[in-house]
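Report on one structure; see the data block that follows.
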Amino acid sequence: MANWNLKSFDDIYSSIAESAYKDRPNSFPKLFNKNKSTEIDYSKSKKDNEGQITKGGGTDLPNGGKVYLQPDSKKLLEDEETGYNAYYVTDTETINANTHQTYFAIRGSDGFGINLPQIKKGNFKEFNYQDWINNDAAFALTDAIVPQAKYATKGMKEKITELEEKAAPNAKMDVTAHSLGTMVSVQGLAGLSESELNHVGKAVLFDGPDTTASLKKAGYSDEKLKLLDKKLFIMSILLIQLVCSIVINHGINN
């Protein structure tokens, strides 16, 4: 995500997509608890590590702005080798018959991690090649299915199974992500069956490329592409910022 934070948590999807990154307000990597769920309240303002404030989105957000970051008991939401990281949040503290809305958030590209003095010494340990070379470059240059995608599919399948077993019958899982996370999301969703896709409400994705060529190259049918197209909403973080700014300024001036 760009080197700035959202101005407001007015939109639940962009807020959750941002939280998947490190060093952000309501950062999932920082708040994650492997043993229990963590409440996150997007209705309230929040500071990042540098003191920058993101304005609260208010209680008109879904579920009053509250979501619960769930633990990853089966270790299906991360893979160190490929750099894959995802997070699962719900509208209830635990997944049960009262759960109606859940969100599967995939982290986009972390920073390059380039330390020139260390690179000159031949130390590439901090360089984030998993995201930028193995995934971003592979997609951009060859329309490849990125390495992280299969882990996204596996994680999505597990969470959908959990919904079927524990949640309300009409409970949905929405997907949200930014940048690299959008590619991983779409390609991950492509690995789901039609029945599994019925549990996905929508995928709200920010600042990502068109993945159609990669899906066709991988052999996915036109029917599968049509199913996916019904779920996808591709948006721009900059557009969200602009809309929020207009709404806020209009309210102040009137």
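FYI, it's all coordinate maths here, none of it is from the lab. Note that this is a predicted model, so its numbers are computed, not measured. When we count neighbours, we look across all protein chains shown, and the Cβ atoms used for this are built from the backbone with ideal geometry, even at glycine.
Data for the structure
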{"quantity": "Residues with amide H under 5 Å from that of residue 220, placed H, sequence gap 5 or more", "calculated": "none"}
{"quantity": "Candidate lysines - alpha carbon under 20 Å from residue 55, same-chain residues fewer than 8 apart omitted", "calculated": "7, 22, 30, 44, 46, 47, 66"}
{"quantity": "GluC sites (Glu not before Pro) lying in DSSP loop within segment 1-82, provided at most 13 other Cβ fall within 10 Å", "calculated": "50, 80, 81"}
{"quantity": "For segment 42-50, Karplus couplings with θ = phi - 60° (6.51, -1.76, 1.60), whole Hz, Gly/Pro x", "calculated": "7, 6, 9, 5, 8, 9, 8, 5, 9"}
{"quantity": "Order by protection proxy (mean Cβ within 10 Å, highest first), peptides 181-193, 200-212", "calculated": "181-193, 200-212"}
{"quantity": "Amide H contacts under 5 Å for residue 44, placed H, 5+ residues apart", "calculated": "57, 58"}
